[in-house]
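A.B. asks: The following block contains the structure, expressed as structure tokens.
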Amino acid sequence: MTESAHSESPEQVVYRAHCKAWLAGNLPPRPSFRLPLGPLEIATEEQLEYLCAWQKAAYSAGLVGCDYPSEYGGGGLRDCQWIANHELKAAGAPFFPNIVGLGMAAPTIVHHGTEAQKRRLLRPLLAAEEIWCQGFSEPGAGSDLANVQTFAERDAEGWRVCGHKVWTTLAHFATWMILLCRTDRGRKHEGMTYFVAPMHADGKGLTIRPLVKMTGELGFNEVLFDDYPITDDLRLDEVGRGWQVAMTTLLHERGAGSLVTPSSGGGVGDDNAATLGAAGLVELAKRCHRAGKPASDDPRLRDAIVEMLIRERAFAQNERRATVRALTDHPLRLPLQHKLTLSELLQDTARLACEIEGVAATLHQTDPHAPAGGRWPHAYMNSYGFTIAAGSNEVQRNILGERVLGLAKSK
Amino acid sequence: MTESAHSESPEQVVYRAHCKAWLAGNLPPRPSFRLPLGPLEIATEEQLEYLCAWQKAAYSAGLVGCDYPSEYGGGGLRDCQWIANHELKAAGAPFFPNIVGLGMAAPTIVHHGTEAQKRRLLRPLLAAEEIWCQGFSEPGAGSDLANVQTFAERDAEGWRVCGHKVWTTLAHFATWMILLCRTDRGRKHEGMTYFVAPMHADGKGLTIRPLVKMTGELGFNEVLFDDYPITDDLRLDEVGRGWQVAMTTLLHERGAGSLVTPSSGGGVGDDNAATLGAAGLVELAKRCHRAGKPASDDPRLRDAIVEMLIRERAFAQNERRATVRALTDHPLRLPLQHKLTLSELLQDTARLACEIEGVAATLHQTDPHAPAGGRWPHAYMNSYGFTIAAGSNEVQRNILGERVLGLAKSK
Amino acid sequence: MTRPHDFGFDETAQILKDTARRLLQDHCSPEQLHRLVAASSEPARASECVWDEALWRRMLDLGWTAVAVPEALGGFGMGLVAIAGLVEEIGRAAVPSPLIATLCATYVAAACDSDGARKLLRQIASGLSVSLAIIDRRGSWEAGDCDVTASDAGVLNGTAWFVQDARKVGVLLVKARSSRGVGLYAVDVDAAGVTIVPDAIVDLTRDQAHVELRDVAVPAERIIALPGDGARALAAAEPAILTILAADMVGAAEWQLQTTAEYARTRVQFERPIGFFQAVKHPLVDMMVKIDAARSLLYDAASAFDHEPDAAEVCARMAKSAASDAASYCSGRSVQLHGGIGFTWECFVQLWFKRQKHNEVLFGDAAHQRARLADRLLGRIGETA
Amino acid sequence: MTRPHDFGFDETAQILKDTARRLLQDHCSPEQLHRLVAASSEPARASECVWDEALWRRMLDLGWTAVAVPEALGGFGMGLVAIAGLVEEIGRAAVPSPLIATLCATYVAAACDSDGARKLLRQIASGLSVSLAIIDRRGSWEAGDCDVTASDAGVLNGTAWFVQDARKVGVLLVKARSSRGVGLYAVDVDAAGVTIVPDAIVDLTRDQAHVELRDVAVPAERIIALPGDGARALAAAEPAILTILAADMVGAAEWQLQTTAEYARTRVQFERPIGFFQAVKHPLVDMMVKIDAARSLLYDAASAFDHEPDAAEVCARMAKSAASDAASYCSGRSVQLHGGIGFTWECFVQLWFKRQKHNEVLFGDAAHQRARLADRLLGRIGETA
């Protein structure tokens, strides 16, 4: 027996070296303004411009969309995006702003789009020249996506859309929306059709209104369609196949699709999302006090902090193992856990941080005395966005139980 | 404002004094043999005799069944049994063996029995002259009690019973069984009838077989009926009303019925069930070691032990508050939590004890080096009996959600 | 004193609680509260102090600052059990007011045997609102932990941190240390040398500040506890303070339960009211179970304070621990089970969520209480073997 | 050494794992295992040693004691990643055998640079089974905690506790302390002065004993680590030992998950397979989530031992902690979700439940590992500020 060999293909080895080399010299300088914690928090044009420029640079260098076919603007490689992601994270690169586009729209277009749609839409998406948003959720269709009521009516020029979408991230910056509509009220799952809708927010039939989160921040929107026209060439897949197309989208959103989403470690410097990880707990515990001593000396908190460090490492090792076929039983078993475990890890980490802070956790992020700039109580509230959105964790557990363990459907 | 007054009635004050006085002089001596941890564990005739003699003595002194009408052998008082229970517990009195009789059969007979049935059955039950067992569960009817298949067929002399009951505690000592049967296969809830069945285990149509628990102990039985005759005067309430009668039984089993069950603190001396409480954790932690120090010096274990002490006190204070109408919103809200919270408290306490023991928790109760005589790992396994039996805790949560919070039925 | 089986919760306590429920239903409904404190979602909101002073005058008219003051000093002298019932209603309605601060200060003053304390209690009974200024920069309220010093002449200097509802009260009860030990001093909020610096906080139903004291001279008649006497008084009052906080949390948690259960009965997804699903039903039941445990321990603690002084500290720490845990769990589930709408500013649940997070950590979170209980119930570390 | 993205789990490892799966499906099915170890439910059963020696001979024929022995000493020299895959299968089938004990001892011997160690490893590769005797009466295996002494002449006296599968092995690897430090000694189980006293244990798939040593003279060639060298060897082997235990737990937990899921797919209550109910479905998912976390950390730890020695201890403690927590949770749910039948002796789940409880506490439970990790990752208490 010899030492086990590294399993990367020659193509992968070359690609990894390329990523490393490019990242060593091309990370963007830290901006003068505050960067958002993640794509959902982008609030200003200057933030957006900075991040789009970064995504475009990374795309031009082949670090974004490298596994997509080259005829649509991709890199034409195989199984390489995860390597770029790994190197981006290791380099502490900022995140990519076109999150809905990269994670949801692009793979859906690849699987369900026409040749013309793929040629028109994918390249500007990968290059962050066109930002995407998602129109799935409605006030009456949260966890129960099949209850979508936004209606697209056929007319001579194509379709006319009426309805109300909510939780639409990036809507005010977006060029396109992936839009799930009802086209037949008499059928549930078979009565839905999927469109890519242009976001001409010029007042004619399209209204975008910000939703205020419990933190007081913006970031989500309501989008109201009132007899809004969409041409038929923007329909994705056939009429009545909207549910199947949406499932492709959700599979990729949950990290279980065949196309790995380009992603990175987070941001740069002090605004880095990585500081919301368990490592941030250790730093925090050394600065906060409990019973007159550093909180990092409290054995109960030490135990809880280490538990978070373990869960964080387990999450990363799940990602690693998911790519090793010999050590995965069911192809969806690890990918479908991604959103569930990450969102609960973030929530529990933030809750523990508030506990470490003690009475200082009462302070708002605008208070100069708030530990770590008040980001932890804020992050704890925002964590409910992750455990609720994109299929609440209750729904995630149903999906895992049914698709992986084969249990009877709960609905 | 004056100091708040004690709310006991004169009758209650006198009764409490009587209980105190009698218990001061009449607790039974500790037996030479090992007493079981609870009524479910009674294994030998000598254990049964000792405990029955104790129940009879307490009955004769008016401490058992005091709230039952005197014409049926009760004490004819009102709202006094809880006082006796309180004093019995405070005195460390042994438990009463006729647990199914006192907790389930007696209140059901009072509510649903004929005058003749009440006169015949109640007095020997209270006096532990006749032991009772319960025939509800079946292999295919665990949590789903309405699925009972044991069939009672009408004939000229009464009824003939065929079927298979499981988890029948005390069956081999019992004179009577409360027996839930199907009498109409065409209807579910309306197709059931409730009997009190004599347990003539003489081989004619009745077979009692012990079930072995995961601990290796006996205590439960299977009871098989094969064309077993029951006279019609042993039917409780009307034909087809079995489900309603069973609900009365279960309400009292769960501690939510109008008639308080006579009960006590547990046993006597070292075999006392009280040593399985959280106070036992404190003693254990002082004797076991972790990282070279007493486990009671480990801050994380201290935290966990105190949490159990808090839950234990909360349980006792729930019992106290349940009797104070002004501080209870819904009459079933606290009583229906009784079984759920107690069983999970016992389970979590035992699990924590095993953690305190460390590697010594591997030892069986027959090992001379096992801490605390090996009772904790044993108790941890037995705790699943409590969280599963008498309506699994999953079913308990359904009941609480539906009956107290008014949520839609899950079935 | 005997231990009353009914916790000593008598008819007067019942009337006080019922009156509070009705008043707050009329004048501090969730709609009214949201309109009042959540009108703005701007970050600057976090350092403002918004409350309904007209409602506070009604509360004063009902004598709520007098309930805990001894009869001999012009109060109603009600037991802590009755106060617990009142504060449960305050928490249920999440009322912004200086009542809780004043009640906590009342118990501290009542534990001081001084003319200053007696005078202060008379003023409280007449409607004066007071807040404790006894926490240091690191968040500790242990007697020796204090960033304010008192000179021998009674001149205060330093900063008191985490002062609750500082901008709603007239007087601060300031802890200061000197060479002779810890003393307590009544200081008017507008006295010379006093600067109230608002904190920006997450909770919308409270205000909080740190208070800078520069050469604040306290006359002898306003010394509540002489240097050396303050620590004992604070320790004696702590069980009452913890019980009052637990009452606010239990009341607020019950609102969270009932509001979320109502949502689960009416919100339809997958063609069913969501309460049908055990993933919703069972967490709601667990909320109830945790609330009931905390509520029973709450009245246990209040009753112990009134009738079994030796048990008061243990019972109060148990109550605060259980209430903090219930508050944490109920807050999380109230948002999660409301789904997307629960995550919005417009939804009422955010108000209780934030109040609970604040309550949880005030005067020690659940783990802090358990650590102190361990010292009492298991012996201190190193002394247990 | 580079860190292989695929953990270094290569084709050979795959073949070893597949072979194990098939062998144990055929020769140690749950039915066969229950018949073998649970034939009696009498209390006296607890101190017996029941196992399938014919199966053990098959395992020896496949060279399973040789897998971890270096090639130079007659073994296969496979990485710990491959061993982890093998032991997962052992745990999944809950096999009673001295394999785990022998593998643990192999890593200890491999960490000793002595002729005695090399000889012992050659014997292990040829089929000798060995168990570690390194735990003291209080359950500690820290180097200094030891109830066996060695004289300067190599004569052992005292008792070693919690020796695993002592009645299935030929040799004990005994830790003893002397004036020159801790040494390790190979002692035949039937040597003069050795008394194996069976413990009565709950787990039916193992045996355990304490071993009394009275004037046991160990010749020089059977000294595995000289006095003073033993502690370092034990510390070097500990990550492997923890990883092996984690592998057994992960494999066993997967059996618990699959068996309980199968029951939930088929058992009907309320006219539905019980897996329909979220109160059953969601705990099953939580079992899976915990198992997967533990399994990923398991291969992480094995890979670190093989390729990143500096990270080995941290990764191994993380794996043992996560695996112990998963084992605890899965054991509880496997009984609870089976309902009444799960609580019986005849049901197979009891066998895995008991094996897991045993695994959880061997060489430190989850909290112990986290406390050690805290020292590494946060600094020792008092040194962190």
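Since every read-out is calculated from the coordinates, none of them should be taken as a lab result. In this text, all values refer to a predicted model and were calculated from it rather than measured experimentally. Glycine also receives a Cβ, built like all others from the backbone with ideal geometry; neighbour counts cover every protein chain displayed.
A.B. asks: Once you have the Kirkwood Rh of region C:193-295 from its Cα pairs, apply Stokes-Einstein at 37 °C and 0.692 mPa s and quote D in µm²/s. Write out the running numbers ahead of the final one.
C.D. replies: Values: Rh = 18.3 Å.
It comes out at roughly 179 µm²/s.
A.B. asks: Moving to a separate point now. Provide the percentage of antiparallel DSSP beta bridges, counting only those with both residues in chain B; round to the nearest 5. List each step's numbers first, then the result.
C.D. replies: Details: 30 of 36 bridges.
Of those bridges, close to 85 percent are antiparallel.
A.B. asks: OK, next. Please pull out the direction-averaged projected area of region D:310-365, using the convex hull of its alpha-carbon atoms, in nm² to one decimal place. Walk me through the numbers before you get to the answer.
C.D. replies: Values: hull surface 15.2 nm².
For the Cα atoms of region D:310-365, the hull's average projected area reads 3.8 nm².
A.B. asks: Can you divide the C-alpha Rg of region D:130-229 by 2.2 N^0.38 Å and report the result to two decimal places? Working shown, then result.
C.D. replies: Details: Rg = 12.5 Å, N = 100, 2.2 N^0.38 = 12.7 Å.
Normalised Rg, Cα atoms only: 0.99.
A.B. asks: Shifting gears a bit: Report the equivalent ellipsoid semi-axes for region B:10-130 in whole Å, largest first, defined as the square roots of five times the eigenvalues of the gyration tensor built from alpha carbon atoms.
C.D. replies: Values: eigenvalues 105, 80, 23 Å².
Square roots of five times the eigenvalues give 23, 20, 11 Å.
A.B. asks: Translational diffusion coefficient, Stokes-Einstein: compute it for region D:61-123 using the Kirkwood radius over C-alpha pairs as Rh, at 4 °C and 1.567 mPa s, and state it as an integer in µm² s⁻¹. Provide the component values of the computation, followed by the final result.
C.D. replies: Details: Rh = 12.0 Å.
For these conditions, the coefficient is 108 µm²/s.
A.B. asks: Give the dimensionless ratio obtained when the Cα radius of gyration of chain D is divided by 2.2 N^0.38 Å. It would help to have the intermediate numbers written out before the result.
C.D. replies: Details: Rg = 20.8 Å, N = 385, 2.2 N^0.38 = 21.1 Å.
Here the Cα radius of gyration is 0.98 times the empirical estimate.
A.B. asks: Give me the inter-chain shielding for C:336-348: mean count of other chain Cβ atoms within 10 Å, whole number please. Let's see the in-between values first.
C.D. replies: Numbers: counts 7, 3, 3, 8, 14, 5, 3, 13, 7, 8, 3, 1, 0.
Average per residue, whole number: 6.
A.B. asks: Consider the operator that turns chain B into chain A: which B residue has a Cβ nearest its axis, and what is that gap in Å?
C.D. replies: Closest Cβ to the B-to-A rotation axis, residue and whole-Å distance: B:PRO299, 2.
A.B. asks: Here's a follow-up. Report the local net charge at A:LYS20: Lys and Arg +1, Asp and Glu -1, summed over other residues whose C-beta lies under 14 Å from its C-beta. Walk me through the numbers before you get to the answer.
C.D. replies: Values: positive: A:ARG16, A:LYS89; negative: A:GLU8, A:GLU87.
Summing Lys/Arg as +1 and Asp/Glu as -1 gives 0.
A.B. asks: Sorted from fewest to most neighbouring beta carbons within 10 Å, what does the list B:MET381, B:MET177 look like?
C.D. replies: Details: B:MET381 23, B:MET177 26.
Ascending number of Cβ neighbours within 10 Å: B:MET381, B:MET177.
A.B. asks: Please work out, to two decimal places, the log10 of the ratio I(q)/I(0) at q = 0.11, 0.27, 0.28 Å⁻¹ from a Debye calculation in which every Cα of region B:153-230 carries one identical scatterer.
C.D. replies: The Debye formula, applied to the Cα set alone, gives -0.31, -1.33, -1.39.
A.B. asks: Between copies, how close do the C:CYS49 label points come, placed 7 Å along Cα→Cβ, listed in nm from shortest?
C.D. replies: 7.7
A.B. asks: Another question about this same structure. With unit charges on the beta carbons (Lys and Arg positive, Asp and Glu negative) and the dipole taken about the Cα centre of the protein assembly as shown, which residue among C:GLN350, D:ILE83, A:GLN347 sits farthest to the positive side?
C.D. replies: It is C:GLN350, whose Cα lies furthest towards the positive end.
A.B. asks: In terms of modelled amide H atoms, which long-range or inter-chain residues lie less than 5 Å from the amide H of D:VAL148?
C.D. replies: D:THR159, D:ARG177
A.B. asks: Shifting gears a bit: Along region D:191-203, what does the Karplus equation 6.51 cos²θ - 1.76 cosθ + 1.60 (θ = phi - 60°) give for ³J(HN,Hα), rounded to whole Hz, x for Gly and Pro?
C.D. replies: 5, 5, x, 9, 10, 8, 9, x, 7, 8, 10, 7, 4
A.B. asks: Take every Cα-Cα distance within region A:38-97, group them into 5 Å bins from 0 onward, and report for each bin the whole-number percent of pairs it holds.
C.D. replies: Taking all Cα pairs of region A:38-97, the binned fractions are 4, 19, 24, 22, 17, 10, 3, 0 percent.
A.B. asks: Please report the residue of chain D with the smallest beta-carbon distance to the D-to-C rotation axis, and give that distance in Å, no decimals.
C.D. replies: D:GLN278, 2
A.B. asks: Working out 0.36 nm times the residue gap between C:ALA72 and C:ARG58, then minus their Cα-Cα distance, what length gain in nm do you get to one decimal? Kindly include the intermediate steps, with their values, before the conclusion.
C.D. replies: On the way: separation 14, 0.36 × 14 = 5.04 nm, distance 2.38 nm.
Extra length available between C:ALA72 and C:ARG58 comes to 2.7 nm.
A.B. asks: A further question on this structure: From the P(r) of chain B, can you give the percent of Cα pairs sitting at distances over 31 Å?
C.D. replies: Numbers: 35405 of 84255 pairs.
In whole percent, the long-distance tail amounts to 42.
A.B. asks: Let me ask something else about it. Mind checking the alpha-carbon convex hull of region C:11-125 and giving the volume per residue in Å³?
C.D. replies: Values: hull volume 12.1 nm³, N = 115.
In region C:11-125, the Cα convex hull volume per residue is 105 Å³.
A.B. asks: Pick out which of C:ARG167, C:ARG21, C:ARG35 has the largest mean-square fluctuation in a Gaussian network model of chain C, springs linking Cα atoms closer than 10 Å.
C.D. replies: Highest fluctuation of the listed residues: C:ARG35.
A.B. asks: Output, in nm with one decimal and in ascending order, the distances from the A:VAL14 label point to the matching label points of the other copies (7 Å from Cα along Cα-to-Cβ).
C.D. replies: Ordered by increasing distance: 10.3 nm.
A.B. asks: Let me ask something additional. Let's see if you can work this out: charge +1 on each Lys and Arg Cβ, -1 on each Asp and Glu Cβ, no other charges. What is the dipole magnitude of region D:231-377 about its Cα centre, in debye to the nearest 20? Don't skip to the end; give the middle numbers.
C.D. replies: Working: 16 positive and 17 negative charges, 89 e Å.
Roughly 420 debye, rounded to the nearest 20.
A.B. asks: Taking only the alpha carbons of region C:85-188, what extent do you get along each of the three principal axes, in Å, biggest first?
C.D. replies: Computed over region C:85-188, the largest-to-smallest principal extents equal 43, 32, 21 Å.
A.B. asks: Run through the other copies and list how far each one's label point is from that of C:GLU346, in nm with one decimal, shortest first; the point sits 7 Å from Cα along Cα-Cβ.
C.D. replies: 6.0
A.B. asks: While we're looking at this one, here's another question. Determine the dipole magnitude for the protein assembly as shown: charges of +1 sit on the beta-carbon of Lys and Arg, -1 on that of Asp and Glu, nothing else is charged, the reference point is the Cα centre, and the result goes in debye to the nearest 20.
C.D. replies: Values: 164 positive and 194 negative charges, 142 e Å.
The dipole of the protein assembly as shown has a size of about 680 debye.
A.B. asks: Moving on to the next point. Give me the Debye-computed log₁₀ of I(q)/I(0) at q = 0.15 Å⁻¹ for region A:280-411, equal point scatterers on Cα only, no solvent, two decimals.
C.D. replies: -0.80
A.B. asks: I'd like to compare D:250-261, C:267-278: which one has the highest average count of other Cβ atoms within 10 Å, and what's the full order after that?
C.D. replies: Working: D:250-261: 24.8, C:267-278: 19.5.
Highest to lowest by the protection proxy: D:250-261, C:267-278.
A.B. asks: Further, regarding this structure: Cα extents of region C:1-64 along the three principal axes, largest first, in whole Å?
C.D. replies: Here the Cα extents, ordered largest to smallest, are 53, 22, 19 Å.
A.B. asks: Next question, about the same structure. When you have a sec, figure out the Kirkwood radius of region A:289-366 from all distinct Cα pair distances and drop it here in Å to one decimal?
C.D. replies: Working: mean 1/r = 0.0685 Å⁻¹.
After inverting the mean inverse Cα-Cα distance, the result is 14.6 Å.
A.B. asks: Ranked by Cβ crowding within 10 angstrom, fewest neighbours first, how are C:TRP64, A:TRP376 ordered? Intermediate results must be reported in sequence, preceding the final value.
C.D. replies: Values: C:TRP64 25, A:TRP376 28.
Neighbour counts put them in this order, fewest first: C:TRP64, A:TRP376.
A.B. asks: Could you give the radius of gyration (one decimal) and Dmax (whole number) of the Cα atoms in the protein assembly as shown, in Å?
C.D. replies: Rg, Dmax (Cα atoms, Å): 34.7, 103.
A.B. asks: Then there's this: Hey, got the average number of other protein chain Cβ atoms within 10 angstrom for residues in C:32-41?
C.D. replies: Values: counts 0, 0, 0, 0, 0, 0, 3, 0, 1, 7.
That average works out to 1.
A.B. asks: Can I ask one more? Per residue Cα convex hull volume for region A:105-192, in cubic angstrom?
C.D. replies: Numbers: hull volume 10.7 nm³, N = 88.
Looking at region A:105-192, the number lands at 121 Å³ per residue.
A.B. asks: Starting from the eigenvalues of the Cα gyration tensor, five times each then square-rooted, give me the equivalent ellipsoid semi-axes of region D:231-377, largest first, whole Å. Could you put the intermediate results ahead of the total?
C.D. replies: Values: eigenvalues 220, 40, 25 Å².
For region D:231-377, the ellipsoid semi-axes come out as 33, 14, 11 Å.
A.B. asks: Taking each residue in A:327-339, count the Cβ atoms of any other chain within 10 Å of its Cβ, then average. What number comes out? The partial results should precede the final answer.
C.D. replies: Working: counts 14, 3, 4, 1, 0, 0, 4, 5, 0, 2, 5, 0, 0.
Other-chain Cβ atoms within 10 Å of each residue's Cβ, averaged: 3.
A.B. asks: Let me ask something else about it. Charges at C-beta only: +1 for Lys and Arg, -1 for Asp and Glu. How large is the resulting dipole of region A:10-97 about its Cα centre, in Debye rounded to 20?
C.D. replies: Dipole of region A:10-97, to the nearest 20 debye: 300 debye.
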